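Colleague: Sharing a structure below in structure tokens format, with a few things to ask.
The values are calculated or read from the model by the stated rules, or taken from the named source; none is laboratory data. This structure is a prediction, so every number in the text was calculated from the model and none was measured. Positions of Cβ are backbone-derived with ideal geometry, glycine not excepted, and every protein chain shown enters the neighbour counts. Remember, those area values only see protein heavy atoms, side chains included, never the ligands or the DNA or RNA. Shrake-Rupley method; radii C 1.70, N 1.55, O 1.52, S 1.80 Å.
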Amino acid sequence: MKEAARRRKRRFWKPVAAGFMALYLLTMGLATYLVKEKYVDEYAQAFEEITLFLINTASEKENEMRPSDEEARIKRRDEIVKREAEEANKKLEEARREAGKADTENVDEETADEIQEEDTREISGEEEFSEETASGEDTNKIISEEWGEEERTEFYQKLVDECFRSIGKQEMKGSAAVYDTKGKLLAKSCDAIGDLASAVSTNGQKNGPFALDDYLSFEQKEEMAEYCWKESLTAEGNYTIPEKYRFLIRTSLDGKELYDIIVQELTWEEGREAEEKQYVDPLTGSINSYETDACIDYETGTETDESQVFYVTDSHVVWEWTNPDVQEWQKAKGKLQNASMKLSYMETFEEWRRWSSSEYLHGYPEKGEFYLEEGNVYRGLRIDSDGFYYRCRFQGKVWSGDNPCAYIEVRMEERPWIAAFDYMKYVFLTGFVLAVGCMAWIVRAFERTYDRQMALEATRRDLTNAMAHELKTPLGIIRNFTENLIEHNMEEKRDYYLIQIIGQTEEMDHLVTDMIEIAKLDSEELVLKKETISFAELIREQMGRFTPLIEEKNLQVQYRVEADLQIDGDREYLAKAVWNLLSNAVEYNVPDGRIDVVVKERWCSIENTGAHLSEDQIMHAFDLFYTGDKSRGKRERHMGLGLFLAKRIFGLHGVELMIENADEGARVVMRR
């Protein structure tokens, strides 16, 4: 039976757990999706702002380098004059050849002068020079000549690199590329090494910067980036420590070809002993030292006036790359010098790795395609992927005056789901705890309800069995007496048989009445009336119903009321409970015995003289149909329902009922 009950509980627990988990996952999934959409909107807005910044910055630079209209007109006029003069000189030479054929020096000077005068007149301004001549492609040509192509490309390369070096949003990565008006790629975001500053070196040459993707494989670039990351960790928060890793490049003499990349690990020491070592770097042939402006005590956070001087005492190459397309004799003529590294998103190594390995962010074609409507500065957001990775792009025009002079394409790759999960992680945990807590509470409530129902079912089953057993005896007695009356027809015993039959029916009536009361107490529809009841008054009232029996047994009743015990409850039910207790006190008392009633503010007791109760009787006194002594030969009207009913009634009123042995008998105690 218990195993079957446990199986039924498990059958309930599993669907409840599954339902709560489904509800939890659905709720958290919906919330995560909404947060993801919020991040997508924020990223798109930030992305659009960056795109407009790039377009505006580039347009401002183009307009800054563009000459004024008057300057352009004069520039164009001078070009036309120069070109026409060159053409006139060609005509003059041809005329001389035709006139003299063999000896060009004998050409009629008058004829030559006329040709030259005519050509000069054509280019001297007699023809109107309009402003339109200095516009369109001619203007772009002038701009290109004024602003060198190399300088222009360098500006755009720096613009796309610096703008996307760090966006500030962990899951958002971006890149940009610039194309000329013919769709040719000018610059794109990349990792680079070399002279990253705008200024050239002291010898008037600039070494690079060189895009690492043009020379290294991703694995090689990743190996070199690890040393850059280690160097950033070494110097993080302490700028008085010399660099641990030094990056060197070997280039051609003009600084335009990259031959070698070398990563060198340096060992620094402080003090005179390090200075005396005079360590000469085997690669550069120099003695390297590093002096700090001030010394900072990082334990106390105070700055002292003492400076520190460090010297390189040892060095070795930890990583090296050699250009396979360069001959050894070329390398021998190259120059070796320090280089700077530019790695985007190097807040963490993993962030850089994700950006650098993205084919979408670096897969710009050499020939770009741009479809922008006339009058629009940029094209709206174009989504290329909306899955785990959210990939999108913007395209825009760079304007110089009223003419487009370049195109910019900006790409973004983000992981909004990762950002949403990271944002929701504590919500997930809190929601899971709440879901498990609610599920446990519901399961526990169900178990309590189920246990109550099972206990009620067991009580009803026991009640039915006990009732059938208790009714069987009086019914058998009635049947025997009735059969005797029918078979023997003895007039002298007729009254005796009838009295016995009536007594048995009364006993059955009492039993059925008690069963009805028990059924009422177990009913969920039971409603108790509420009124303030004095226990001292209630006990005196119920004790009066036993006056004949008390006088018959010559019992003494003593009351000791120190303070009245008052309870809010149903007077009718409490009266039945008290009546059952007094019934036992009178019935099980000895002749010439005593009943002591003590009433205090928090408890009340009823004590009667008589035999002591055994431990088994005390333990089972409130059980249904428990009558105590089963060995008695005579049958009494007591069916073992009185204390059971009293216990249930007092329990419904918040009163605890106990039974115990007293000095001269037994005692029941009611405690609020």
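Colleague: List the residues whose amide H sits under 5 Å from the amide H of TRP319, counting only those 5 or more places along or on another chain, with H placed 1.01 Å from N in the peptide plane.
Modeller: Counting only residues 5 or more places away or on other chains, the set is VAL263.
Colleague: Scan region 574-623 for GluC sites (Glu not before Pro) in coil per DSSP, keeping those whose Cβ has at most 11 other Cβ atoms within 10 Å, and list them by number. Intermediate values should be presented prior to the final figure.
Modeller: Working: sites: GLU587, GLU601, GLU607, GLU615; in loops: GLU601.
Here the GluC sites (Glu not before Pro) that fit, given the DSSP loop and packing criteria, are GLU601.
Colleague: If you don't mind, another one. Show me, for region 268-276, the HN-Hα J-couplings you get by feeding each phi into the Karplus relation (A = 6.51, B = -1.76, C = 1.60, θ = phi - 60°), rounded to Hz, glycine and proline as x.
Modeller: With the stated coefficients, region 268-276 comes to 10, 9, 10, x, 5, 4, 5, 5, 5 Hz.
Colleague: Send over a whole-number figure in Å² for the accessible area per residue of region 397-464, probe 1.4 Å. Show your work: numbers first, answer last.
Modeller: On the way: 3760 Å² over 68 residues.
Normalised by residue count, the accessible surface of region 397-464 is 55 Å².
Colleague: Just read off the accessible area of ARG602 with the full protein assembly in place, 1.4 Å probe, to the nearest 10 Å².
Modeller: Accessible surface of ARG602 is approximately 130 Å².
Colleague: Now, a different point. Mind grabbing the accessible area of VAL512 for me, 1.4 Å probe, Å², rounded to tens?
Modeller: Counting only protein heavy atoms, VAL512 exposes about 60 Å² to solvent.
Colleague: Now, a different point. Near LEU657, within a Cβ-to-Cβ distance under 12 Å, what is the net charge of the other residues, with Lys and Arg +1 and Asp and Glu -1?
Modeller: Around LEU657, the charge tally is +3.
Colleague: Ordering TRP441, TRP352 by accessible area with a probe of 1.4 Å, largest first, what comes out? Kindly include the intermediate steps, with their values, before the conclusion.
Modeller: Details: TRP441 170, TRP352 0 Å².
In descending accessible area the options line up as TRP441, TRP352.
Colleague: Ordering ASP596, ASP451, ASP260 from largest to smallest accessible area (1.4 angstrom probe), what's the sequence? Could you put the intermediate results ahead of the total?
Modeller: On the way: ASP596 30, ASP451 65, ASP260 5 Å².
These residues rank, largest area first, as ASP451, ASP596, ASP260.
Colleague: Let me ask you something else. With the cut-off at 1.5 for a/c, could you classify region 432-583 from its C-alpha gyration tensor as rounded, prolate or oblate?
Modeller: Oblate shape, in that a/c is at least 1.5 and b/c is the bigger or equal ratio.
Colleague: If you don't mind, there's one more thing I want to ask. Roughly how many Å² is the accessible area per residue of region 526-600, as a whole number, for a 1.4 Å probe?
Modeller: Numbers: 3900 Å² over 75 residues.
Spelled out: the 1.4 Å probe surface of region 526-600, per residue, equals 52 Å².
Colleague: Of LYS188/LYS397; LYS256/LYS335; LYS61/LYS158; LYS230/LYS331, which sit over 18 Å apart, Cα to Cα?
Modeller: Numbers: LYS188/LYS397 16 Å; LYS256/LYS335 11 Å; LYS61/LYS158 13 Å; LYS230/LYS331 29 Å.
Among LYS188/LYS397; LYS256/LYS335; LYS61/LYS158; LYS230/LYS331, the Cα-Cα distance tops 18 Å for LYS230/LYS331.
Colleague: Just read off the accessible area of GLU291 with the full protein assembly in place, 1.4 Å probe, to the nearest 10 Å².
Modeller: Taking all protein chains as shown, GLU291 has close to 120 Å².
Colleague: Per the 1.4 Å probe, what fraction of the accessible area of region 406-541, in percent, lies on carbon and sulfur atoms?
Modeller: After summing per-atom areas, the C and S share lands at 57 percent.
Colleague: Can you sort LEU212, LEU498, LEU429 by solvent-accessible area, 1.4 Å probe, largest first?
Modeller: Details: LEU212 0, LEU498 65, LEU429 105 Å².
Listed by decreasing accessible area, they come as LEU429, LEU498, LEU212.
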